[in-house]
Structure formats: structure tokens, C-alpha cells
Amino acid sequence: MKLHPVKVHPSKALLKREDQLAWKMAGVAVDKVAVQKDVQAMIINRVIDNASVAIAAINRRPVVSARGMALGHAKKAGGATVFGVKSGTTVSPEWAAWANGTAVRELDMHDTFLAADYSHPGDNIPPLLAVAQAMGKSGKDLMRGLATAYELHINLVRAICLHEHKVDHIAHLCPAAAAGIGTMLGLKQEVVFQSIQQALHTSVSFRQSRKGEISSWKAYAPAHAGKLAIEAVDRCMRGEGAPSPIYEGEDSVIAWVLSGRTQADSKGRKTVYDPTYYEVPLPEAGEPKRAILDSYTKEHSAEYQSQALIDLAFRMREQIKDMEAIEKIIIHTSHHTHYVIGTGANDPQKMDPKASRETLDHSIMYIFAVALQDGRWHHVDSYAPKRAGRADTVRLWHKIETTEDPEWTRKYHSRDPNELSFGGRVEILFKDGSKLVDELGVANAHPNGARPFARDQYINKFRILTEGIITTREQNRFLEAAQNLTSLPAGELSALNVALPAGTLLDAKPGIF
């Protein structure tokens, strides 16, 4: 792994293509290094994981709407499948990516990687799978593409913080997906280079999608990035170019949106460039792509920074006899947790029992209260309006506050995988003056946790989340196909679709399509 400095260069510097981050990323994409066995196994795990959460959300309104839009773009030859719909019905691949990406993201329950920024690298799977189906690719082709997409997505997240500039994290997803498609299709470095730049240029959006009253766009945003990535690659395959250098140019994303912004000097006479630069790690030529192994999935349907705290709530409740005896709860945690899903966000909606599900799954105060009371977490029941509005829950919920602890922030950003932590320390203060204190650094399902997820856990999650929605026969068929991914021949990737029984899919409201 090599660190590549990335900073703004004035146009007159004529930054060489070989020195541009997008070109180096494209180089990683075209490097035909073999996908190692443990990486193959984890890709299969994540294909199963994505299908689990997609089918569990299949009849939720945002997913129904996205599916309805996709079905308005039917395409028999060169089409791709849509989750829930029988495999004989296919649509244009960018629309399949849109529908399937929304289904995967809706419950906020698939894989995650947290570092300088946030990510759900499993969001790369829907666009790559759609293109693989449309282009008649094999399971091995898809494996290679996903190894690239995960590698670049995770390494961008390690190095470049979008959140501090209020940019949504799909700006890392879209170029990674474009690069992964390039790998899968065996495109030349020039085409992948232009695709990465177009993908970044078109996918910069803002954090308001995850702020205040969080709407269904939170689920749509990654799907939109996947759709944009496919469209970018399609254009560049036809010979079109992109704004360049997209990362380092004087009017680039880094210059005007991220660190490196241009400004006038003290006398206002000329442009001065911020000397700040990022260091993006990328594998060297011939080095295996292994970043997927640093990511982790969710056992609970909620923002990842809540996973360890949910498990901690389960543990602490065993020592509490009377919830009404609680005076106050203080969660000492990282900067990101405090300011994104804690009271540091200053979002009154995070304390509102009538808030949307999307808002509640970004409120650690709500999540901790329910987990403490119930000792379980359910992707539907724990967010039900009746559950959120329960008087005793609201009372407990409003006694909870978060505070940033520098030590938890340091561990959140640690480069040592054995120290990296996303949890916190909880103080429960009782009315009689006593208190209960406990802490947990990583979720039980994390690779360093008490019960790390392996293949059996991914399969169990799939069966639990799809139970009663699809038949046992369809469960078994899909699991067999997914676990045989490396052997699926060209043109047979529709086997990775999951169909519901006839008549059980809800229809979308009419729109333009």
C-alpha cells in the first residue's frame, strides 16, 4: 500500500495525468491482480447481506416507488433484474441499480466502514450487479469488479473527510462504483479515468439529506450514486471525457468544496492555495485488493455508530430493576457519534416521538432508550409509531444526552484495527444518587466483537429477514447461487435475484414513468 498526496494545483502547473488521483485509481482498477480466497468469501457474505436487507424492505414505500420507476424502463435485451420481481422481467441497468440500491439502503442494516468519513461499501453491489447482468458477465467478473469498488471506496474514506464540509458520503461511492464497473468490463485505463472523474463531478451533494427531518432520500442517495456511475461509464465508453483534474484542479472538488479551497491573499491581489493535502492509500501494482476485509456489517437496523451502544444497552438493562428510577443517562462517545446521531447534532427532531423512521435511526437517544427497555432490536417493531410514542419511552429518551470524549474520538480514528472503536461509555444516574457505568468499544458482530459475523451469521440474518416474505425454496435457491458465485457462468447472474411470490409485491403510485 502506498500513500498518494493529493492537493490543489493551479491550472498553469499543468499537473500530469500520471500524478492525478483519478488516474492512479484507474490504474488500480485495470490491475489484473487475482482476488484472494478470503476476499472472495467476504464478497459472497456481502451479496447475501444485501439481499437480506433488500427483501426485508421490499414493500416499504421508498422501495416500492423506486421499483415502480425502474419498471417504467423495461429492457429485455441487455436488461437487469429488480429485487422482488421475477427474473424474466428486466429493466435498463441504471434503473435496476436505482431500485435495488434503494432496497438495500432503506433499512440501514448492511455493511459499513468508518474512518475519516462514513461509508456503506455494500452500496457498490447493486450497480455492479446490474451492469454484470446487462453485459452478460460471469461471477468471477463480478468478483473482480467488487474487489476494486470496495478497495477504492474504503481507501477514499480512510483519507478524505467529506462530512466536515457537509458533503454527503456518496461522493466517495460514485467514483468507486465507476472504477469497479471498469474492472468488471475490462475497460482501458483512459476510459476508467474519465469515468471516475465524471462520477465524482456529478455526485457531490450535501449532508442535509442526513440532517434535521431525514426523509426517504437517505435511502435513495446511494442508489442515485450507483445510477450516476453507470451513466458515467456508458458515456466514457462512447468516447466522452470529463472535467479534469477533478480532484486537484484549481476549480475542483477539493479546491472549492473540501480542504484546499482557494482564497485571496492578505492584500486581496491574487489566489493563494491552501497547502493542506490529503494522503490517499492505494495498493501498488500486483498488490491484492483486500480492503473489504476491514469493513463490517450490522446486526441491528440502525446507524452503525449505534451498534455497540445497542449491545451495551442490552447488557446494562440486566442490572436495572426500575427504569423510572433513572434520573439521567450520559453517553460519552466520539465526535462523530455525538455530532451526527447525538445531542451535539442540535436536531430537535431527534427527540420527537413523531419523527420519521429515518430520523429515529439517527437518534442514539431514542435507540438507547428502546434497547434499554426492550432488550431487543427489531427493524420494524423498534421504529413503529406506537413504540416511539410510548409515554415511558419518551420520558426515558428525554433523559439521555451525549458528550464528546476525546479518548473515544481518538479511538474512532485510530489506524490500529485492534484499537479502532465506535462505541462509548455510558453513565446511568439514578434518583437515589447511585450510578451504573459500563462501556463497549465495538459491536458484538464486529470482527473484534464478542460474536463476530461469519458465513453462518450472514445466512441466519438472510433467513430471519426474508422469513414470511419469500418461500423457503427461494431462500435455499438464492443461498446456493450466492455461495457458488465464483462458478456462475457468463450470462447467469440473474440467479442472484430474489423473487417474491406472485401477487405479494405492492404497486407504486403513478408518476411520470
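The values are calculated or read from the model by the stated rules, or taken from the named source; none is laboratory data. Values in this document were obtained by computation on a predicted structure and should not be read as measured data. When we count neighbours, we look across all protein chains shown, and the Cβ atoms used for this are built from the backbone with ideal geometry, even at glycine.
Worth pointing out:
- Only one of the listed residues (244, 215, 195, 252) is among the polar types (S, T, N, Q), under 29 Å from residue 336 (Cβ atoms) and in contact with a helix residue (DSSP H, G or I) (Cβ under 7 Å, 6 or more places away or on another chain). That residue is 215.
- For the stretch 76-87, the candidate set comprises residues that are surrounded by fewer than 18 Cβ atoms within 10 Å (Cβ to Cβ), touching a residue at least 24 places away in the same chain (Cβ under 8 Å) and of a type outside the set (S, T, N, Q); within that set, the residue that is nearest to residue 99 (Cα to Cα) is 86.
- Being out of contact with any Phe, Trp or Tyr (no Cβ under 9 Å at 6 or more places or on another chain) and assigned to a helix (DSSP H, G or I) is a property that does not hold for residue 433.
- Selection count where residues are modelled with pLDDT under 90 and closer than 30 Å to residue 73 by Cβ, scope the stretch 214-252: 6
- Every test in (1) in contact (Cβ under 8 Å) with a residue 40 or more places away in the chain; (2) outside any strand (DSSP E or B); (3) touching a strand residue (DSSP E or B) at 6+ places or on another chain (Cβ under 6 Å); (4) over 25 Å from residue 295 (Cβ atoms) is passed by residue 427 save one, and that test is (2).
- Qualifying residue in the stretch 475-497 (condition: without any contact (Cβ under 8 Å) to a residue 60 or more places away in the chain, under 18 Å from residue 82 (Cβ atoms) and surrounded by fewer than 16 Cβ atoms within 10 Å (Cβ to Cβ)): yes
- Test for residue 166: is it touching a residue at least 24 places away in the same chain (Cβ under 8 Å), surrounded by fewer than 24 Cβ atoms within 10 Å (Cβ to Cβ), assigned by TED's automatic domain parsing to the domain that holds residue 138 and within 14 Å of residue 22 (Cα to Cα): no
- Some residue of the stretch 167-185 being of a type in the set (Asp, Glu) and part of a helix (DSSP H, G or I): no
- Residue match in the stretch 50-59 (condition: modelled with pLDDT of 95 or more and on the phi > 0 side of the Ramachandran plot): no
- Residue 282 modelled with pLDDT of 95 or more, closer than 30 Å to residue 147 by Cβ, among the aliphatic types (A, V, I, L, M) and not assigned by TED's automatic domain parsing to the domain that holds residue 110: yes
- Taken over the stretch 109-135, the criterion of being among the charged types (D, E, K, R) and crowded, with 24+ Cβ neighbours inside 10 Å is satisfied by 111, 123.
- Within this structure, residue 137 passes the test of being in the same structural domain as residue 176 (by TED's automatic domain parsing), modelled with pLDDT of 95 or more, part of a loop (DSSP other than H, G, I, E, B) and among the charged types (D, E, K, R).
- Test result for residue 298, surrounded by fewer than 20 Cβ atoms within 10 Å (Cβ to Cβ) and of a type outside the set (Asp, Glu): no
- Residue tally, condition hydrophobic (A, V, I, L, M, F, W, C), assigned to a helix (DSSP H, G or I) and under 26 Å from residue 381 (Cβ atoms), over the stretch 465-511: 3
- When residues of the stretch 60-77 are limited to those that are among the small types (Gly, Ala, Ser) and at pLDDT 95 or above, the one nearest to the chain's Cα centre (by Cα): 66
- In the stretch 459-471, the residues that are at pLDDT below 95 never reach a residue that is surrounded by fewer than 13 Cβ atoms within 10 Å (Cβ to Cβ) and of a type in the set (Asp, Glu) with C-beta atoms less than 8 angstrom apart, at least six apart or across chains.
- When residue 41 is tested against (1) surrounded by fewer than 24 Cβ atoms within 10 Å (Cβ to Cβ); (2) closer than 19 Å to residue 229 by Cα, only condition (2) is not met.
- Residue under evaluation residue 242, criteria (1) assigned to a helix (DSSP H, G or I); (2) crowded, with 17+ Cβ neighbours inside 10 Å, criterion not met: (1)
- Where helices (runs of 4 or more DSSP H) sit wholly within the stretch 13-93, those with at least 3 residues that are within 30 Å of residue 510 (Cβ to Cβ) and assigned by TED's automatic domain parsing to the domain that holds residue 173 occupy 37-56, 61-71.
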